[in-house]
1. Restricting the first residue to region 235-248 and requiring it to be at negative phi and open to solvent by less than 10 Å² (accessible area, probe 1.4 Å), which pairs with a second residue that is assigned to a helix (DSSP H, G or I) and among the aliphatic types (A, V, I, L, M) meet a Cβ separation below 6 Å and a spacing of at least six or different chains?
2. Condition first: of a type outside the set (Asp, Glu), open to solvent by 50 Å² or more (accessible area, probe 1.4 Å) and at pLDDT below 95. Now tell me which residues in region 27-38 satisfy that.
3. Can you name every residue in region 41-89 that is of a type in the set (Lys, Arg) and in a loop (DSSP other than H, G, I, E, B)?
4. Is one or more of the residues making up region 10-26 of a type in the set (Gly, Ala, Ser) and open to solvent by 30 Å² or more (accessible area, probe 1.4 Å)?
5. Restricting attention to region 208-234, and to residues there that are open to solvent by 40 Å² or more (accessible area, probe 1.4 Å) and among the small types (Gly, Ala, Ser), which single residue is farthest from VAL125 (Cα to Cα)?
6. Starting from region 276-301, keep only residues that are more than 30 Å from ALA63 (Cα to Cα) and in contact (Cβ under 8 Å) with a residue 24 or more places away in the chain, then list their pairs with residues that are among the hydroxyl-bearing types (Ser, Thr, Tyr) and surrounded by 12 or more Cβ atoms within 10 Å (Cβ to Cβ) whose Cβ atoms are within a distance under 8 Å, requiring at least 6 positions of separation or different chains.
7. Is it the case that some residue within region 139-157 is aromatic (Phe, Trp, Tyr) and either farther than 28 Å from VAL303 by Cα or at pLDDT below 95 (or both)?
8. Let me confirm something: among ARG293, ARG309, ARG284, which residue is assigned to a loop (DSSP other than H, G, I, E, B), under 28 Å from ILE8 (Cα atoms) and open to solvent by 50 Å² or more (accessible area, probe 1.4 Å)?
Amino acid sequence: MLNVGIDIGGTKIAGGVVDAEGRIVEKLRVDTPIDGEALLDAVVDMASHFRRSHRVAGIGVAAAGFIDRARRTVIYAPNIDWRNEPLRARLEARLEAPVTIENDANAAGWGEFRFGAGRGVSDMVMLTMGTGVGGAIVAEGSLYRGGNGIAAELGHMRFIRGGHPCGCGQSGCLEQYASGRALQREALEIADDPAIGAGLAALRDEQGTIEGPSISRLVLAGDPGAVEALRRVATALGEACGGFQAVLDPELFVIGGGVAQLGDDLLEPVRLAYETSLPGFGDRPVADFVIARLGNDAGLIGVADLAGRDR
């Protein structure tokens with residue numbers, strides 16, 4: 001059985017035809033249009049192309065934002081001019097076929113649960129460390145969506161009272177302390193520290209800023225300033241995971257996103273902070289921490305699988 005999965009990102013729309021084992025049979029990528037109507041056209045064109053080329057059972061579309069409990073309406077999308085957008089109905093009318101819609105982080109988490117790092121567990125939390133922090137919760141083998149459909153916005157848990165302002169309108173959210181953007185901010189601050197910041201300062205002076213990939217290269221080279229920046233960000237994530245453990249009790253935390261490419265250099269300080277933040281540590285089961293396996297394809301694979309389950 002083949003299903004279509006389309007993941008609407010901030011800069012790219014990635015789509016693919018996915019088989020029952022989570023393998024991508026065909027894949028396309030196009031730039032994300034700024035205009036909402038043009039974006040809808042791009043999604044319809046991509047889905048239509050796949051349907052002409054393959055015998056498809058289901059169509060799934062993942063997008064950032066709040067999706068209502070019925071999985072019909074995009075209540076709010078941060079990067080698209082969609083407010084109470086009846087996305088499912090509009091796509092179904094254009095495609096003349098059933099469509100499944102899902103939050104992009106949920107779709108990625110489901111992809112990892114079904115075909116990636118989460119295979120073999122029933123309770124899992126996924127956190128993606130990109131520009132922000134995305135979250136997905138799988139509880140007893142099912143996506144946990146909450147009473148209104150918009151659960152698992154883990155990056156917007158208030159982490160520091162009166163902390164850094166966040167794009168969601170609040171302040172002190174976890175994503176301001178545990179994301180790729182937070183890593184950049186920490187690196188820029190440490191660059192002014194003469195004791196450990198020389199490598200970061202040289203990068204800043206050369207580039208005018210300090211980009212995430214450059215920080216990662218310095219971490220892998222053992223630069224003390226970059227390692228300290230990563231430790232701060234990883235500590236924030238690990239402390240938050242101790243709280244998530246207390247509430248959700250997952251077997252596994254899957255860490256994805258660009259920062260996760262650092263592997264054990266990231267996971268070691270995350271685990272340490274998690275253990276020191278965990279209620280009853282030493283007398284209770286603890287979760288494992290692993291790096292996501294599906295990369296940027298997790299969302300399209302996950303939403304394709306959800307579409308197949310809806311048929």
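The values are calculated or read from the model by the stated rules, or taken from the named source; none is laboratory data. Small disclaimer: the values here were computed from a predicted structure and weren't measured. Ideal geometry is used to build each Cβ from the backbone, glycine not excepted, and the neighbour counts take in all protein chains shown. In case anyone asks, the SASA skips ligands and DNA or RNA and just uses the protein heavy atoms, side chains included. Shrake-Rupley method; radii C 1.70, N 1.55, O 1.52, S 1.80 Å.
1. Pairs that qualify, where the first residue is at negative phi and open to solvent by less than 10 Å² (accessible area, probe 1.4 Å) and the partner is assigned to a helix (DSSP H, G or I) and among the aliphatic types (A, V, I, L, M), are LEU237/VAL270; GLY238/VAL270; GLY238/ALA273; ALA240/LEU174.
2. Residues of region 27-38 of a type outside the set (Asp, Glu): 27-30, 32-34, 36, 38.
Filter again for open to solvent by 50 Å² or more (accessible area, probe 1.4 Å), leaving 27-30, 34.
Passing the criteria: only ILE34.
3. Narrowing region 41-89 to residues of a type in the set (Lys, Arg): 51-52, 55, 69, 71-72, 83, 88.
Once the filter is applied, which keeps residues that are of a type in the set (Lys, Arg) and in a loop (DSSP other than H, G, I, E, B), region 41-89 yields ARG55, ARG69, ARG71, ARG72.
4. Filtering region 10-26 down to residues of a type in the set (Gly, Ala, Ser) leaves 10, 14-16, 20, 22.
Going one step further and asking which of them are open to solvent by 30 Å² or more (accessible area, probe 1.4 Å), we end up with 10, 20.
There is at least one residue in region 10-26 that is of a type in the set (Gly, Ala, Ser) and open to solvent by 30 Å² or more (accessible area, probe 1.4 Å).
5. Among them, the one singled out is GLY208.
6. Every condition considered, the pairs that remain are VAL286/TYR274.
7. Of the residues in region 139-157, the ones aromatic (Phe, Trp, Tyr) are 144.
From what's left, either farther than 28 Å from VAL303 by Cα or at pLDDT below 95 (or both): none.
Looking through region 139-157, none of the residues is aromatic (Phe, Trp, Tyr) and either farther than 28 Å from VAL303 by Cα or at pLDDT below 95 (or both).
8. Details: ARG309 fails: assigned to a loop (DSSP other than H, G, I, E, B); ARG284 fails: under 28 Å from ILE8 (Cα atoms).
It is ARG293.
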